[in-house]
Amino acid sequence: MILSLILSTFLTIFIAELGDKTQLATLTMSGTSNKPLAVFLGSSTALVLASLIGALAGGSISNFVPEIILKSIASLTFFILGIRIFINSFISNEAYNKERNIN
């Protein structure tokens, strides 16, 4: 049923977005601008547009590429991003320590 798809999509995206960089950027902008409504409108419009592009592209791509390939590409992409972020956290930490002469 379409309602179950809407609910599962909402829950998945809502949980995935909690505490991510978009939410942290929105929090920071809202705190520094003193215009929380404007920040909310801007960030929610951006999220809706990004989701629309993803939904349209995903629907089109899935007609040509099998689901297992799409899931594999997404998994590999997230894996590579995670490894890069993990490695960069050590590099950034070393640079921070070197800058402050911390052993």
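Among the residues of the range 10-38, just one is over 17 Å from F78 (Cα atoms) and charged (D, E, K, R), namely K35.
Condition check ((1) among the hydroxyl-bearing types (S, T, Y); (2) modelled with pLDDT under 85; (3) under 26 Å from F14 (Cβ atoms)) across all residues:
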{"residue": "S51", "(1), (2), (3)": "yes, no, yes"}
{"residue": "V65", "(1), (2), (3)": "no, no, no"}
{"residue": "G82", "(1), (2), (3)": "no, no, yes"}
{"residue": "I85", "(1), (2), (3)": "no, yes, yes"}
{"residue": "I91", "(1), (2), (3)": "no, yes, no"}
{"residue": "Y96", "(1), (2), (3)": "yes, yes, no"}
{"residue": "I102", "(1), (2), (3)": "no, yes, no"}
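Inside the range 9-34, can you point out the residues that are surrounded by 10 or more Cβ atoms within 10 Å (Cβ to Cβ) and either modelled with pLDDT of 90 or more or β-branched (V, I, T) (or both)? The answer is T9, T12, I13, T22, T26, T28.
The values are calculated or read from the model by the stated rules, or taken from the named source; none is laboratory data. Predicted, not measured: the structure shown is a model, and the values here were computed from it. Glycine gets a Cβ as well: all are built from the backbone with ideal geometry, and neighbour counts include every protein chain shown.
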